[in-house]
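Structure first, commentary second.
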Amino acid sequence: MKLKLIWMPLVCLILGALIGSILTFSVPVLYAKYLSIAVLAALDSLLGGIRAILEHSFDGTIMLSGFFTNALLAAALAFLGDQIGVDLYLAAVFAFGLRLFNNLGYIRRYIVNNIRKNRIAKKQLKKQGLNDEIQ
Amino acid sequence: MAKNSRIIKVYISISVICLILGALLTMSIHANNSSETTANTEQQKNATLIELIDNLEQESADLETKVEEIRAYIATASEEHGTNPEMVARLQKELEILKFLADQTEVTGEGIAITLDDNVAGAEAAKGTLSKEDYFPENYIVHDSDLRYLLNGVAYLAEAISINNQRLVNTSDIRCVGTVIMVNSTRLAPPYEIKLIGPSNLLEAALLASDQYIYLKNKDMPLKISKSENLVLPAYTSTISTTVLKSAETHIPKTENLQTTADHKNTGTASDQ
């Protein structure tokens, strides 16, 4: 069940890529930065979601709403920055980037710790087995 | 079972985010690529422009060398024939006269200038008073035939004629091309200024007596006549081409023959006297 489901996000990623390439309305250069912010927001939500799954605190509604509000705020910042002539969207890029690396760090630590735990558990099992044999 | 449905929900939400991410990624890649391609087309445009400039420079260089060649040829030719500068001068003078007679030079002299314009005021007034069926805009503009008939009445007295700086020669045409009049294959626009060099008093009298003048005056066309002591008419600049025209004499005399016949004529006239 789990093995089958793991393909679902990947399939959706490819599907999304296809949709994006089929929707060939060319984005004006002026809005390229809004698009990049949206990409960052989506990546951030994805990594945050994976982290939440690993922490057993995942909530789909919170993740999706987080994605949309974050993207909206970032877009608003970019728009404001355009109006006053300051690159405010860099603040959003910075925040998203920071969160990306934070989440990635959590995930990495969780996986490494998990592997270590498993190994120690196996070793202990082996030791126990040896002890049992000796005894 | 409850756990399973929760897991499915998790995957669905993650999948939605993945879908959005994929679409956004490809779109931004698209946008980036398209901006690059526009830069490329601009570069290509510049490249073609540069090529164009290079070609034109090459062409002008070629022409300059040609000019130099021709100058060198002239120098050698004048050296070869420079032994008789008197003849060269005479030939040049003859050439000037022939050009003058062939309307190839700017000329000046006394004459009259006729300015004929479209009857704009009349057209405006007619538009206001006449109904749509009775209003004919062609009644208020100058037609090619107006100019032709006007010239017919006076041209026999003129020694040189021009319309809006287009010199009339024996092959000139006055034609109607849509909304404009064409003279010497050049499009002219109103007001039309006809300059005639000739005895100005006779020209004026002939004009005032011509039917076309009376006709145009009755139509209230704006027509002005001014006499001048020194009108300046431009040279005829269009091409002169003869494709089938030949001299009717049985043989075209060679230059040496011309010389002898001229001599013969001279002696003839001398003997006559």
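Each reported figure results from applying straightforward, stated rules to the coordinates on display, with no laboratory input. The model shown is predicted, which means the values in this text are computed figures rather than measured ones. As a convention, Cβ positions derive from the backbone with ideal geometry for all residues, glycine included, and neighbour counts pool all protein chains shown.
Where does the charge balance sit around B:VAL142 when Lys and Arg score +1, Asp and Glu -1, over other residues with C-beta under 9 Å from its C-beta?
-4
In debye, nearest 20, what is the charge dipole magnitude of chain B about its Cα centre with +1 on Lys and Arg Cβ and -1 on Asp and Glu Cβ, if you could check?
Computed charge dipole of chain B: roughly 1700 debye.
To the nearest 500 deg cm²/dmol, what mean residue ellipticity at 222 nm is calculated for chain B from DSSP H runs of n ≥ 4 alone, each contributing -39,500 (n - 2.57), summed and divided by the residues? Please list the in-between numbers first.
Values: 7 runs with 154 residues, N = 273.
Roughly -19500 deg cm²/dmol at 222 nm, from the helical runs in chain B.
For the range A:76-130 and the range B:134-161, what is the separation of their Cα centres, given in Å?
92 Å
What shape does chain B have by the C-alpha gyration tensor, where a ≥ b ≥ c are the square roots of the eigenvalues, rounded means a/c under 1.5, and otherwise prolate means a/b greater than b/c and oblate the rest?
oblate
Quote the relative contact order of chain B in percent (integer), defining contacts as alpha-carbon pairs under 8 Å separated by 6+ residues.
Details: 242 pairs, mean separation 63.8, N = 273.
Reported as a whole number, the value is 23 percent.
Output ³J(HN,Hα) for the range B:92-109: one whole-Hz value per residue in order, computed from phi by the Karplus curve 6.51 cos²θ - 1.76 cosθ + 1.60 with θ = phi - 60°, and x for Gly and Pro.
In residue order, the calculated couplings are 5, 5, 4, 4, 4, 5, 4, 4, 4, 6, 8, 6, 9, 10, 5, 10, 9, x Hz.
Enter the Cα centre distance for the pair the range B:12-30 and the range B:90-111, rounded to the nearest angstrom.
84 Å
What is the dipole size for the range B:106-233, taken about its Cα centre, with +1 at each Lys and Arg Cβ and -1 at each Asp and Glu Cβ, in debye to the nearest 20? Can you show the working numbers first?
Working: 11 positive and 17 negative charges, 21 e Å.
Roughly 100 debye, rounded to the nearest 20.
Putting +1 on Lys and Arg Cβ atoms and -1 on Asp and Glu Cβ atoms, find which of A:SER36, B:ALA121, B:LEU231 reaches farthest to the positive end of the dipole of the protein assembly as shown.
Projecting each Cα onto the dipole axis, the largest value belongs to A:SER36.
What residues qualify as long-range amide H neighbours of B:ILE174, i.e. H under 5 Å apart, gap of 5 or more or another chain, H built at 1.01 Å from N?
Close amide H contacts, sequence-distant or interchain: none at all.
If you take the square roots of the eigenvalues of the alpha-carbon gyration tensor of the range B:39-108 and sort them as a ≥ b ≥ c, do you get rounded (a/c under 1.5), prolate (a/b over b/c) or oblate?
oblate
Where does chain A land on the Kirkwood hydrodynamic radius, alpha-carbon pairs, in angstrom?
18.2 Å
Using the Karplus curve 6.51 cos²θ - 1.76 cosθ + 1.60 with θ = phi - 60°, work out ³J(HN,Hα) for each residue of the range B:189-200 in order, rounded to whole Hz, and write x for Gly and Pro.
Karplus-based 3J(HN,Hα) across the range B:189-200 equals 10, x, x, 9, 10, 9, 10, 10, 9, x, x, 5 Hz.
Using a 4.7 Å cut-off between beta carbons, which cysteines in the protein assembly as shown end up with no partner cysteine at all?
Flagged as lacking a Cys partner: B:CYS176.
Strictly over 29 Å apart at the Cα level, which of B:LYS93/B:LYS224; B:LYS99/B:LYS246; B:LYS99/B:LYS195; B:LYS195/B:LYS217; B:LYS127/B:LYS224; B:LYS99/B:LYS224 would you flag in this model?
The answer is B:LYS93/B:LYS224; B:LYS99/B:LYS224.
For a footprinting-style exposure proxy, rank A:ILE111, B:ILE7 by other Cβ within 10 Å, fewest first.
With the sparsest Cβ surroundings first, the list reads A:ILE111, B:ILE7.
Taking one equal scatterer on every alpha-carbon of the range B:153-235, how large is log10 of I(q)/I(0) by Debye at q = 0.12, 0.17, 0.24 1/Å?
Log10 of I(q)/I(0), two decimals: -0.37, -0.77, -1.38.
Fewest Cβ neighbours within 10 Å first, please rank B:SER162, B:SER15 accordingly. Each step should come with its number before you reach the end.
Numbers: B:SER162 26, B:SER15 20.
Going from least to most buried by this count: B:SER15, B:SER162.
Along the charge dipole of the protein assembly as shown, which of B:GLY109, B:LEU91, B:SER5 sits closest to the positive end, that is, farthest toward it, with unit charges on the beta carbon of Lys, Arg, Asp and Glu (+1, +1, -1, -1)?
It is B:SER5.
For the range B:110-115, in order, what is each residue's ³J(HN,Hα) by Karplus, 6.51 cos²θ - 1.76 cosθ + 1.60 with θ = phi - 60°, in whole Hz (x at glycine and Pro)?
Per residue, the Karplus-derived 3J(HN,Hα) values read 7, x, 10, 10, 10, 10 Hz.
What does the charge count near B:LYS195 come to, summing +1 for each Lys or Arg and -1 for each Asp or Glu among other residues with Cβ under 15 Å from its Cβ? Before the final figure, lay out the partial values.
Numbers: positive: B:ARG167, B:LYS224, B:LYS227; negative: B:ASP103, B:GLU106, B:GLU110, B:GLU159, B:GLU193, B:GLU204, B:GLU229.
Taking every Cβ under 15 Å from that of B:LYS195, the sum is -4.
Report the relative contact order of the range B:106-233, percent, no decimals, based on alpha-carbon pairs under 8 angstrom and at least 6 residues apart. Display every interim value, and only then the final one.
Details: 215 pairs, mean separation 60.7, N = 128.
Relative CO of the range B:106-233 lands at 47 percent.
Under 5 Å between amide H atoms, partner at least 5 residues away or on a different chain: which partners does B:GLY109 have, H built in plane at 1.01 Å?
HN-HN under 5 Å from B:GLY109: B:LEU231.
When N counts the residues of the protein assembly as shown, how does its alpha-carbon radius of gyration compare numerically with 2.2 N^0.38 Å, as a ratio?
2.18
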